[in-house]
Amino acid sequence: MIEISLRSDSEGRLTELQATGHAGLAVKGNDILCAAVSALLENLAAGLSEVVKAAEVRRDGDELRILIRPEAATELLCGTTLLTLKRLQSQHPDRIRITIQPELS
């Protein structure tokens, strides 16, 4: 299962995204759902870190972590990506889990 964990600040703006796992529809490297999620997340990482310059991207093996500095442009990019991820999740609820947690005080 693909696990996507999001953390938001007290105003509901995303501050962190962490993704790991495998959809399991096909062997690694041939899974179209994994490819779709990877493309969305790589696009988000590039947009936030290289275009908007408002995020730090960390990779550790198959895990992707994006630390996001909330601002208008990051909200737009994150919102669009999250909308599409949720659509994929609705089509494959047993393959993708998305959780959103508020930041700890």
Taking the Cα atoms of the chain, report the difference between the largest and smallest coordinate on each principal axis, in whole Å and largest first. 37, 26, 23
Expressed as a whole-number percentage, the relative contact order of region 17-98 with C-alpha contacts under 8 angstrom and at least six residues apart is 29
Can you run phi through the Karplus equation (6.51, -1.76, 1.60; θ = phi - 60°) for region 68-81 and list ³J(HN,Hα) in whole Hz, with x for Gly and Pro? 10, 8, x, 7, 4, 5, 5, 5, 5, 5, 5, x, 5, 5
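Here, each number is a calculation from the coordinates, and none is a lab measurement. Bear in mind that the values here come from a model prediction, so they are computed numbers and not experimental data.
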